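All remarks here apply to the structure that follows.
The values are calculated or read from the model by the stated rules, or taken from the named source; none is laboratory data. Being a predicted model, the structure only gives us computed values, none of them experimental. For neighbour counting, all protein chains shown are included, and Cβ atoms are generated from backbone atoms with ideal geometry for every residue, glycine included.
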Amino acid sequence: MNDRNNFDKKFLQFQQEMGIIGNSDSIRQIYETVEQVAPSDISVLIVGESGTGKELVARAIHKRSRRRDRQMVIVNAGAIPEGIIESELFGHEKGAFTGAVGVRKGFFELAHGGTVFLDEIAEMPANAQVKILRVLEGREFSRVGGAEVRQADVRIVAATNRSLEKEVKAGNFRQDLYFRLRAVTIELPPLRTRKEDIPLLAKTFAQEFAATNRIDFKGFDDSAFNVMQSYPWPGNIRELKNLIESIIILEKGHLIDDQMMLKHLEGFESGARHLPIPVNRPVEQVEREFIYHALLELKSEIHQLRELILTRLFPPKRLKGWEAEDQIIIPHDEAELVDDQTNELRVMPSVPEMEKKLIEETLNRYDGNKRKAAASLKISERTLYRKIKEYNLDF
């Protein structure tokens, strides 16, 4: 009995410190695995669908390790253009490529003594996979354009929402790197397979959000939990959290029941996200709710638009000696572009300029049809109209 009580006490402390919430057997197993592997330097591969909390588990491993007082560097391998990923990971020497006006440390140097978390590892290009394998096998690397071999005193934790085994069979991922990374594999279950955790998750998200935003939250009744536990949650914990925050704002002051849950889930499933019609509420409150709802909508759309801008305006780029299009992106604050024909430096356009160009090109492609353009951009028509007005576009 004492051992059981001691386990439960430590497990509760783990949840509170790490934000990994749930009492299901799968979450308890994750806790036990993290406690076992964290003290060592063994590589860990975290596998799970999008929104299941892979970064939280990576942070828990770091915070439970001997490296907890050093830096944890998070790298989204899928968000870095292929042409500059080596420079981002390992740094570069002055003159290593056109535009490299100074020495720059990469993520592995910045994380010296700490942890590098390679998120979306399946998206990493082949040239970078080779270098990561070298770090895992020999604990060493070199900067781009440099001959000096540097020691890599880091722990590597990787994550993916895809099957690396299938990627290996398809020839997209190195088998030797896969074997190195999977020394310990932690599989995170989708939310639909641990429905018993949903009430606790919902309560925690609601209480934290209401307290932070000083909103009067009356709670959930059992019928609301029944609806939540019947829904498949394709976006997993992230989707649940976003829905709870939306409901807390739009139904503040009310006990959340099954009808309210169904109404808001219908909006999430369809993507319509229409506001409910407010009845018998002060005008000021209604206006605030419209603003809150718009902010919640923008929260997801900003990320989507940023990804579209990067992928559509900047196809694969090059470092010195690489085949490329007519532009490259220089890492971080070295925001200059090189024209291959004139060899002249040009200032990289700002995000608003890139956004304006993307919207303009998309509207031209669809002959000004805003519904089709919005669908292509994966944003709402309302957001598109707002952007057209903001950039004074003639459509």
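For segment 230-255, a residue qualifies if it is within 26 Å of E49 (Cβ to Cβ) and not in a helix (DSSP H, G or I), and the qualifying residues are Y231, P232, W233, P234, G235.
Of the residues making up segment 74-91, those that are part of a loop (DSSP other than H, G, I, E, B) and in contact with a Lys or Arg (Cβ under 8 Å, 6 or more places away or on another chain) are P81, G91.
Being touching a strand residue (DSSP E or B) at 6+ places or on another chain (Cβ under 9 Å) and over 29 Å from V135 (Cβ atoms), is that true of even one residue in segment 30-43? Checked against the condition, which is being touching a strand residue (DSSP E or B) at 6+ places or on another chain (Cβ under 9 Å) and over 29 Å from V135 (Cβ atoms), segment 30-43 yields no hits at all.
Among the residues of segment 92-108, which ones are part of a loop (DSSP other than H, G, I, E, B) and either among the acidic types (D, E) or under 18 Å from D153 (Cα atoms) (or both)? Once the filter is applied, which keeps residues that are part of a loop (DSSP other than H, G, I, E, B) and either among the acidic types (D, E) or under 18 Å from D153 (Cα atoms) (or both), segment 92-108 yields E93, K105, G106.
Scan segment 74-88 residue by residue and report those that are in contact (Cβ under 8 Å) with a residue 40 or more places away in the chain and out of contact with any strand residue (DSSP E or B) (no Cβ under 7 Å at 6 or more places or on another chain).
Quick first cut of segment 74-88, residues in contact (Cβ under 8 Å) with a residue 40 or more places away in the chain only: 74-79, 81-88.
Once the filter is applied, which keeps residues that are in contact (Cβ under 8 Å) with a residue 40 or more places away in the chain and out of contact with any strand residue (DSSP E or B) (no Cβ under 7 Å at 6 or more places or on another chain), segment 74-88 yields G78, A79, P81, E82, G83, I84, I85, E88.
In segment 8-47, the qualifying residues are those that are in a helix (DSSP H, G or I) and farther than 22 Å from P199 by Cβ, and the one that is nearest to the chain's Cα centre (by Cα) is V34.
The rows are residues; the columns are (1) modelled with pLDDT under 95; (2) buried (at least 18 other Cβ atoms within 10 Å of the Cβ); (3) closer than 23 Å to P234 by Cα.
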| site | (1), (2), (3) |
| --- | --- |
| D3 | yes, no, no |
| K9 | yes, no, no |
| G19 | yes, no, yes |
| A38 | no, yes, no |
| K54 | no, yes, yes |
| R67 | no, yes, no |
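Which residues, counting only those in segment 55-73, are in contact with a strand residue (DSSP E or B) (Cβ under 6 Å, 6 or more places away or on another chain) and small (G, A, S)? The answer is A58, and nothing else. Condition first: within 20 Å of the chain's Cα centre (by Cα), surrounded by fewer than 20 Cβ atoms within 10 Å (Cβ to Cβ) and not acidic (D, E). Now tell me which residues in segment 74-106 satisfy that. Result: I74, N76, G78, A79, P81. Restricting segment 362-381 to residues that are in a helix (DSSP H, G or I) and in contact (Cβ under 8 Å) with a residue 12 or more places away in the chain, the residue that is farthest from G99 (Cα to Cα) is K370.
Whenever a residue of segment 129-154 is without any contact (Cβ under 8 Å) to a residue 60 or more places away in the chain, its partners that are β-branched (V, I, T) and surrounded by fewer than 18 Cβ atoms within 10 Å (Cβ to Cβ), lying with C-beta atoms within less than 6 angstrom and at least six residues away or across chains, give the pairs E140/V149; S142/V149.
Counted as qualifying within segment 152-221 are the helices (runs of 4 or more DSSP H) with 3 or more residues that are out of contact with any Leu (no Cβ under 8 Å at 6 or more places or on another chain), surrounded by fewer than 19 Cβ atoms within 10 Å (Cβ to Cβ) and hydrophobic (A, V, I, L, M, F, W, C), namely 198-213.
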